[in-house]
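Following: one structure in structure tokens, then a few remarks.
Derivation of every value follows stated rules applied to the coordinates shown; laboratory data play no part. These numbers come from a predicted model, not from an experiment. Here Cβ is always computed from backbone atoms with ideal geometry, including for glycine, and neighbour counts include all displayed protein chains.
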């Protein structure tokens, strides 16, 4: 099976990542969340449950985390430049992730997203189960600091 490593980062480079998946960027199934935060960010997301997300923080003190609503996920953003390249969720001792395709080096080649999804009716158990099933199942975090 062919493997692709898609590189992305925040604007200033403090948060850097590689998303390893079996799909080229042109075949991504891009999703939009209809929540107010994601709508205001104009975020577009992609994940692969069998993929891998390799994260490197140059200065972890400049990495912010934002939680709201049910507080089941951390929107990771750079405190220097403000870009939120991915979302992480920890459940049952394992991290799951989903990347914001706007932060990919190849963002201009990413297909248009599906219509926004509304997850407001999900309880936290259903939400976590959906993430375990659909999000990136292997997340590796390295910090230079």
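So for the chain: antiparallel DSSP bridges make up what percent, rounded to the nearest 5?
Of all bridge pairs located within the chain, approximately 80 percent are antiparallel.
Would you compute, from DSSP H runs of 4+ residues alone, the mean residue ellipticity of the chain at 222 nm, taking -39500 (n - 2.57) per run and dividing by the full residue count, rounded to the nearest 500?
After summing the helix terms and dividing by the residues of the chain, the value is -3000 deg cm²/dmol.
For the range 4-143, count the residues as N, evaluate 2.2 N^0.38 Å, and divide the Cα radius of gyration by that value, please.
Rg over 2.2 N^0.38 Å, computed on Cα atoms: 0.96.
Would you please state which residues of the range 54-74 a label at residue 11 would reach in this model, taking the label point 7 Å out along Cα→Cβ and a backbone N cut-off of under 16 Å?
Those under the cut-off are 63-64.
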